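Q: Dumping the structure here so I can ask a few things about it.
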Amino acid sequence: MDNLLELMINRRSVRKYSAEPVTDEQIKTITTAALLSPSGHSKYPCEFVVVKDRDTLEKMSHCRVAVAKMLNNASCAIVTIADSDKSDTIIEDSSIAMMNMHLMAASLGLGSCWIQLRSRDAEDGTNSEDYIRSVLNIPDHYLCQAILSIGGLEKTPKPHDINKLNFDKIHLEQF
Ligand SMILES: Cc1cc2nc3c(=O)[nH]c(=O)nc-3n(C[C@H](O)[C@H](O)[C@H](O)COP(=O)(O)O)c2cc1C
């Protein structure tokens, strides 16, 4: 348990990456973490698109205005999608899978960042989900919640300061 807390303190959103490629073995470990995620009613609606192709990553970097540019220097990206015909907890399931991958990337000493697609717009004015569906040939009935950009660390990110957490947000017994 101490080790998990340590990992959470050190996990940061990293948007600049080294040239060191993420290995296939590391991608396997990160996607294994995704598939280990809990799922409402055990429906497991999530699927994942792993992208390493530079041209595709460049196209994907336009899925948001300004805040997805890190895809241009990421070694790879993993898009979390979920089949809306399979479950009514696709947003929750997708979020958990994203977080499992984000934490696993940190535990492997990699940098990663969540890029939100749901309820956001692309540079060309279309919505970000439609934009990514079109770039990656994803069927319309799949939620495209978010992308995890992943790359090597250029420098160790500053850990969170546990002493600055607002424990006033923790209510005991009643609000
Ligand atoms: C739901 C969600 C959406 C986010 N979307 C983006 C995004 O589109 N682009 C980005 O650069 N960071 C995004 N982030 C990362 C947040 O900016 C980051 O988690 C926050 O600033 C706290 O920093 P930390 O992750 O280093 O603790 C997102 C995070 C979450 C949880």
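Q: For a quick check of your reading of the model, give me the residue pairs whose first member lies in segment 10-24 and is closer than 20 Å to Met99 by Cα and of a type outside the set (D, E, K, R), whose second is within 8 Å of the ligand (Cβ to nearest atom) and outside any loop (DSSP other than H, G, I, E, B), with beta-carbon atoms closer than 8 Å and at least 6 apart or on different chains.
A: Going by the 8 Å Cβ cut-off, the qualifying pairs are Ser13/Cys113; Ser13/Trp114; Val14/Cys113; Tyr17/Met70.
Q: Name the residues in segment 36-89 that are assigned to a helix (DSSP H, G or I), within 22 Å of Leu110 (Cβ to Cβ) and not aliphatic (A, V, I, L, M), would you?
A: Arg54, Thr56, Glu58, Lys69, Asn72
Q: Among Thr89, Thr126, Thr80, which is among the β-branched types (Val, Ile, Thr) and free of Cβ contacts under 8 Å to residues at least 12 places away in the same chain?
A: Working: Thr89 fails: free of Cβ contacts under 8 Å to residues at least 12 places away in the same chain; Thr80 fails: free of Cβ contacts under 8 Å to residues at least 12 places away in the same chain.
On inspection, the qualifying residue turns out to be Thr126.
Q: Let me ask another. Is it the case that segment 93-101 has a residue that's outside any strand (DSSP E or B) and touching a Gly at 6+ places or on another chain (Cβ under 9 Å)? Working first, answer last.
A: Initially, segment 93-101 is screened for residues outside any strand (DSSP E or B), giving 93-101.
Then keep just the ones that are touching a Gly at 6+ places or on another chain (Cβ under 9 Å); that gives 93.
Checking segment 93-101: at least one residue is outside any strand (DSSP E or B) and touching a Gly at 6+ places or on another chain (Cβ under 9 Å).
Q: Being aliphatic (A, V, I, L, M) and part of a loop (DSSP other than H, G, I, E, B) is the filter; apply it to segment 105-149 and report the residue that is farthest from the ligand (Cβ to nearest atom).
A: Our first condition is that a residue be aliphatic (A, V, I, L, M); within segment 105-149, this holds for 105-106, 108, 110, 115, 117, 122, 132, 135-136, 138, 143, 146-148.
Filter once more, so that each one left must be part of a loop (DSSP other than H, G, I, E, B): 108, 117, 122, 138.
Working: Leu108: 17, Leu117: 8, Ala122: 12, Ile138: 18 Å.
Once the filter is applied, the top-ranked residue is Ile138.
Q: Which members of segment 18-35 meet the condition of being of a type in the set (D, E, K, R) and assigned to a helix (DSSP H, G or I)? Give the derivation first.
A: The initial filter retains those residues of segment 18-35 that are of a type in the set (D, E, K, R), namely 20, 24-25, 28.
Once the filter is applied, which keeps residues that are of a type in the set (D, E, K, R) and assigned to a helix (DSSP H, G or I), segment 18-35 yields Asp24, Glu25, Lys28.
Q: Could you go through segment 142-162 and let me know if any residue there is open to solvent by less than 70 Å² (accessible area, probe 1.4 Å) and among the basic types (Lys, Arg).
A: no
Q: Moving on. Would you confirm, using the coordinates I've provided, whether Leu117 is open to solvent by 70 Å² or more (accessible area, probe 1.4 Å) and farther than 14 Å from Leu153 by Cα? Give the derivation first.
A: On the way: open to solvent by 70 Å² or more (accessible area, probe 1.4 Å): no; farther than 14 Å from Leu153 by Cα: yes.
When the stated conditions are applied, Leu117 does not pass them.
Q: Does Ile132 meet the test of being under 28 Å from Ala19 (Cβ atoms) and either open to solvent by less than 70 Å² (accessible area, probe 1.4 Å) or of a type in the set (A, V, I, L, M, F, W, C) (or both)?
A: Taking the combined requirement at face value, the residue satisfies it.
Q: Kindly evaluate Gly151 against the criterion of being at pLDDT 95 or above, within 17 Å of the chain's Cα centre (by Cα) and within 30 Å of Lys59 (Cα to Cα). Give the derivation first.
A: Values: at pLDDT 95 or above: yes; within 17 Å of the chain's Cα centre (by Cα): yes; within 30 Å of Lys59 (Cα to Cα): yes.
Yes: the conditions hold for Gly151.
Q: Is it true that Asp85 is open to solvent by 60 Å² or more (accessible area, probe 1.4 Å) and more than 11 Å from the ligand (Cβ to nearest atom)? Steps first, answer last, please.
A: Numbers: open to solvent by 60 Å² or more (accessible area, probe 1.4 Å): yes; more than 11 Å from the ligand (Cβ to nearest atom): yes.
For Asp85, the condition - open to solvent by 60 Å² or more (accessible area, probe 1.4 Å) and more than 11 Å from the ligand (Cβ to nearest atom) - is met.
Q: On to the next question. Checking Arg15 against (1) part of a loop (DSSP other than H, G, I, E, B); (2) more than 13 Å from the ligand (Cβ to nearest atom); (3) open to solvent by 40 Å² or more (accessible area, probe 1.4 Å), which test does it fail?
A: (2)
Q: Inside segment 150-160, can you point out the residues that are near the ligand (Cβ under 9 Å from one of its atoms) and of a type in the set (Lys, Arg)? Give the steps one after another, and end with the answer.
A: Within segment 150-160, the first condition is being near the ligand (Cβ under 9 Å from one of its atoms), and the residues that meet it are 157-158, 160.
Of everything in segment 150-160, just one residue is near the ligand (Cβ under 9 Å from one of its atoms) and of a type in the set (Lys, Arg), namely Lys158.
Q: Identify, from the list Cys46, Cys63, Cys76, the residue that is more than 16 Å from the ligand (Cβ to nearest atom), crowded, with 21+ Cβ neighbours inside 10 Å and of a type in the set (A, V, I, L, M, F, W, C). Walk me through how you get there before you give the answer.
A: Details: Cys46 fails: more than 16 Å from the ligand (Cβ to nearest atom); Cys63 fails: more than 16 Å from the ligand (Cβ to nearest atom).
Just a single option satisfies the conditions, and that option is Cys76.
The values are calculated or read from the model by the stated rules, or taken from the named source; none is laboratory data. Computed from a predicted model, the values in this text were never measured in an experiment. Backbone-built Cβ (ideal geometry, glycine too); neighbour counts: all protein chains shown. For accessibility, only protein heavy atoms count, side chains too; no ligands or nucleic acids. Shrake-Rupley method; radii C 1.70, N 1.55, O 1.52, S 1.80 Å.
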